[in-house]
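The values are calculated or read from the model by the stated rules, or taken from the named source; none is laboratory data. Note that this is a predicted model, so its numbers are computed, not measured. Cβ atoms come from the backbone with ideal geometry, glycine included; neighbour counts cover every protein chain shown. Keep in mind that these areas ignore ligands, DNA and RNA; they rest on the heavy atoms of the full protein, side chains included. Shrake-Rupley method; radii C 1.70, N 1.55, O 1.52, S 1.80 Å.
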Amino acid sequence: MLFLAIFLQADSLPLQGKRYGVEFNIPRLLTYSESWKSASGTFSYFNQEEHVELALPWHVAFYTDREGNIDEEHYDVYNLDIHYRKFLGEEMNGFYLSGFARLSYLNGLLEYEDVYKKTTKLGLGVGLGYRVFPKKQPYYWGIGLIVGRYITGENEIYREVGFGIEDAPFIIDVEFLKFGYAF
């Protein structure tokens with residue numbers, strides 16, 4: 001309960017001169033299994049004068065068959081985004097709107113062939129979110145939703161392994177409780 005109380009106390013100058021932040025998606029680690037290995041995080045630059053955050057979220061995932069045999073069936077995903085987040089209030093706290101670009105690299109078996117293929121895709125989109133910077137603490141957390149579309153690269157060509165959403169033409173990504181540290 002004390003943990004929640006610390007995170008819910010907001011300050012009008014939450015970053016107190018801090019310019020950078022690193023985040024890690026801890027809930028994603030709870031989904032780690034023999035057939036699905038995944039991690040995601042973010043590096044951020046905070047421009048407090050303009051109430052803007054430039055963020056570089058990343059995501060890697062490795063899907064294998066149920067026996068964990070990577071030679072039989074696997075699907076690798078590497079995503080790197082760049083986000084421009086504009087906070088709506090008079091401070092770097094609370095709601096923000098964003099625009100983003102995503103570079104995705106996929107490697108897996110094609111849908112109807114026993115052939116591996118590598119694909120690079122570029123996507124664009126928009127988002128919204130909420131960020132909490134606790135009072136006089138370097139730690140922060142946030143939630144967000146982004147939606148977009150890939151504008152280059154092939155879509156829906158891989159066998160369904162895991163969730164398979166990275167192979168779709170649309171980008172839908174929910175950041176749920178990414179925890180960060182500002183420095």
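Only protein heavy atoms count here; under a 1.4 Å probe, Leu30 has an accessible surface of about 150 Å². Residue ranking by accessible heavy-atom surface, 1.4 Å probe, largest first, among Thr42, Thr31 comes out as Thr31, Thr42. Per residue, the range 40-183 exposes 53 Å² of accessible surface when a 1.4 Å probe is rolled over the protein heavy atoms with every protein chain present. Using heavy atoms of the protein chains and a probe of 1.4 Å, the accessible area assigned to Leu80 is about 90 Å². Among the GluC sites (Glu not before Pro) found in the range 75-158, those both in a DSSP coil and sparsely packed, with 12 or fewer other Cβ atoms within 10 Å of their Cβ, are Glu90, Glu111, Glu113, Glu156. Among Tyr32, Tyr75, Tyr181, the sequence by solvent-accessible area, most first, with a 1.4 Å probe is Tyr32, Tyr181, Tyr75.
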